[in-house]
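What follows is one structure encoded as structure tokens, with my remarks underneath.
FYI, it's all coordinate maths here, none of it is from the lab. Computed from a prediction, not measured in an experiment: that's the story for all the values here. Glycine also receives a Cβ, built like all others from the backbone with ideal geometry; neighbour counts cover every protein chain displayed.
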Amino acid sequence: MRVELYWGSGSPYSWRALLAAEIKDVPYESRLISFQNKDHRSPAFLEMNPRGRVPVLKDGDLIISESMAIMSYLDHKGPKNPLFGHTATETARIWEATSRVIYDLENAIRAFVDPILFSPPAGDSLTRAQAAAGAVHDELRRLEEALARHDYLCGDTISAADLAAFPFLMFVLRAASKDSVKSLEPHFLPLEQRYPLLAAWKARIETIPGYEKTYPPHWK
């Protein structure tokens, strides 16, 4: 029986879960919800997740919310490509890197992206984005350093840490491409010039079979 994945276009947390399902080759039914129509606030959705957040996975009577919990569940559902490692050391290193993504990278990127994508263009939104840009560069430099040692954040194969970080890099690039912020310094584009190893890593992830199905529809 296929699991059901409820997700929203542009949600980096949803993107993680979709990528995990594709990499693990777990059959799933895509349940795209509309933020504009407030599907995530509907009684049916709130019954699954009272916090009204995506993603949500439904497997029969089992309901799981939160992207990392869903990734962990999918990792056990499919035998291919273990996302959390084979050994205790590998698992610890992957969780170590993933925790840095969740607590450091995410916070830095949201501080930069939210004023650009989710605030009115007038007012102090660009000032707030500019103030946050330095911390984002600090985090991207750390990713670049990790990728100098191997192809992925925790070794030579893709892991949960990569899937946690990738949608947030894409979030930065989307925000940085807006005309209103192209004057900000230091800028993030072109990625190939500023962070060549990150650009190569991004390209590798984009070759994942099924990747196109996970790409936010409203970004196309």
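In cubic angstrom, how much convex hull volume per residue do the alpha carbon atoms of segment 1-139 span? Please list the in-between numbers first.
Numbers: hull volume 17.0 nm³, N = 139.
It comes to 122 Å³ per residue, whole-number rounded.
Where nothing but the Cβ of Lys and Arg (+1) and of Asp and Glu (-1) is charged, how large is the charge dipole of the chain around its Cα centre, in debye to the nearest 20?
Details: 26 positive and 28 negative charges, 78 e Å.
Computed charge dipole of the chain: roughly 380 debye.
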Charge dipole of segment 127-219 built from unit charges on the beta carbon (Lys, Arg +1; Asp, Glu -1), centred at mean Cα; most positive-end Cα among ILE208, LEU147, PHE168 is PHE168
As a percent rounded to 5, the proportion of antiparallel DSSP bridges among beta bridges in the chain is 55 percent
Within segment 56-113, DSSP-loop trypsin sites (Lys or Arg not before Pro) with at most 14 other C-beta atoms within 10 Å are LYS80
Residue by residue through segment 157-162, the couplings from Karplus 6.51 cos²θ - 1.76 cosθ + 1.60 with θ = phi - 60°, in Hz, x for Gly and Pro, are 10, 5, 9, 4, 4, 5
Two pseudo-spin positions, 7 Å from Cα along C-beta at HIS150 and at SER42, lie apart in nanometres by 4.3 nm
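Provide Rg over Rh for segment 70-220; use the alpha carbon set for both Rg and the Kirkwood Rh (inverse mean inverse pair distance). Provide the component values of the computation, followed by the final result.
On the way: Rg = 16.2 Å, Rh = 16.4 Å.
Over the Cα atoms of segment 70-220, Rg/Rh equals 0.99.
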Across all Cα atoms of segment 3-77, Rg and the largest Cα-Cα distance (Dmax), in Å, are 11.3, 33
